[in-house]
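All remarks here apply to the structure that follows.
The numbers here are math on the coordinates, done by the rules we state, and not lab data. Values in this document were obtained by computation on a predicted structure and should not be read as measured data. Here the Cβ is made from the backbone with ideal geometry for all residues, glycine too, and neighbour counts use every protein chain on show.
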Amino acid sequence: MPISPARGRVVGVVLLLQMALGLILPFVLIGPINVGSPGFLVHALSDASAIRAAVLVGFAGAALCVVVSALSFPVIRQHSDTFAIALVSACTVSAALDAVHNGTVMSLLAMAKQAAALPLGDTSHLAAAAAVYSARVTAHYTQLFGFAWWLFVFYAAMFRTRLIPRPIAFIAIIAVAAQFIGVTLSHYLDYPMQGGWALPLAPIHAFSAIWMTVRGFGQTLTQQQMQNVEET
C-alpha cells in the first residue's frame with residue numbers, strides 16, 4: 001500500500017533531533033574529559049553531572065537512530081527488502097556500540113572516584129587509569145565506525161529508492177565516506193587524522209534532514225507497482 005510522504009517529514013524531524021542528541025550534545029558535554037590520562041581524573045569529578053547527562057543524552061540519540069530506521073523500514077521495503085533489512089541491522093549494531101561507549105564513559109567517572117579516595121601522592125592507580133582511558137578512546141572510534149556504517153546504508157537506501165533527490169543522497173554518501181576515511185579509519189590504520197574531511201558531513205546531513213522535514217519522502221509505490229516489483 002502507498003505510504004504517505006508525511007512519514008518522511010517525521011523521519012526528517014527525528015533525524016534533526018538525533019543529530020543534536022546523538023552527534024553534538026554528548027561530545028560537547030564530555031569535552032572536558034578528553035584531555036588524556038591521567039588529566040581526566042580531575043575533570044571527570046568536577047564535571048560529573050555533565051558526564052552523566054552526556055551518557056543519558058547518548059542513549060536518547062541511539063534510540064532515535066532506532067526510530068528513524070523503524071519509520072523508514074516499511075517505505076524502503078516497498079523498493080528493496082535488502083536495503084530495508086540492512087538498515088535495521090546496521091542501526092542495531094550502531095545502537096549497541098553506543099551503549100558500549102556510554103559504559104566506558106561511566107568507567108572514567110568510576111575510576112576518577114576511586115583515585116580521589118586514595119591517599120595523597122599514591123600513584124598506584126595511574127596504570128589502570130591509562131587503560132580505562134584507552135578503552136574509552138577505542139570504544140569511541142568503534143562507535144563512530146558503527147554509526148558511519150548506519151548512515152552510509154541509510155543514504156544508500158535513499159539513493160536506491162529515490163525517496164530524496166539522488167544528488168542529495170549521493171553527496172551525503174560521499175560526505176560519510178570522507179568522514180570515515182579522514183577520521184574513523186585513521187584510528188585503525190594508524191595514520192594522521194584528517195579532521196577537515198569530516199566537516200562537510202554535518203551541514204549535508206542537516207540539509208537532507210531539513211529537506212525531508214519540508215518535502216517528505218518523494219517516491220512511494222502504488223499497489224500495482226508493488227505487484228510488479230514482486231513479480232520481477
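Students often get this wrong: which residues of segment 77-118 have the backbone nitrogen under 12 Å from the point 7 angstrom along Cα-to-C-beta of Arg160?
77-90
Based on the Cα coordinates of segment 131-184, what is the per residue volume of their convex hull in Å³? Spell out each step's value before the answer.
Working: hull volume 2.9 nm³, N = 54.
About 54 Å³ per residue, rounded to a whole number.
Please determine, in degrees from 0 to 90 and to the nearest 10, the orientation of helix 48-79 with respect to the longest principal axis defined by the Cα atoms of the chain, where the helix direction is its Cα long axis.
20 degrees
What whole number of Å gives the distance from the Cα centroid of segment 39-58 to the Cα centroid of segment 104-182?
When both Cα centres are located, 16 Å separates them.
Sort 69-81, 150-162 for me by packing, meaning the mean count of neighbouring Cβ atoms within 10 Å per residue, highest on top.
150-162, 69-81
Pulled fully out, how much extra length does the chain show between Ala99 and Ala48, if you take 0.36 nm times their separation in residues and subtract their Cα-Cα distance?
16.5 nm
For Cα pairs less than 8 Å apart in space and 6+ apart in sequence, what is the mean separation divided by the residue count of segment 6-231, i.e. the relative contact order in percent?
27 percent
If you rank Leu29, Leu15 by fewest surrounding Cβ atoms within 10 Å, what's the result? Show your work: numbers first, answer last.
Values: Leu29 21, Leu15 26.
With the sparsest Cβ surroundings first, the list reads Leu29, Leu15.
Full-extension gain between Val214 and Ile171, please, as 0.36 nm times their residue separation minus the C-alpha to C-alpha distance. Write down the numbers at each step before the final one.
Working: separation 43, 0.36 × 43 = 15.48 nm, distance 1.90 nm.
Additional length available on full extension: 13.6 nm.
State the percent of C-alpha pairs, over all pairs in segment 48-130, separated by a distance greater than 15 angstrom.
Cα-Cα pairs in segment 48-130 separated by more than 15 Å: 66 percent.
What is segment 130-190's relative contact order, in percent, from Cα pairs under 8 angstrom and six or more apart in sequence?
36 percent
By how many degrees, 0 to 90 and rounded to 10, does the Cα axis of helix 6-18 deviate from the longest principal axis of the chain?
Relative to the chain, helix 6-18 is tipped by roughly 10 degrees.
Among Val55, Val42, rank each residue by its count of other Cβ atoms within 10 Å, from fewest to most, as a rough exposure measure.
Details: Val55 21, Val42 15.
If I rank by nearby Cβ atoms, fewest first, I get Val42, Val55.
On alpha-carbon atoms, Rg over Rh for segment 6-231 using Kirkwood Rh?
Radius of gyration relative to Kirkwood radius: 1.07.
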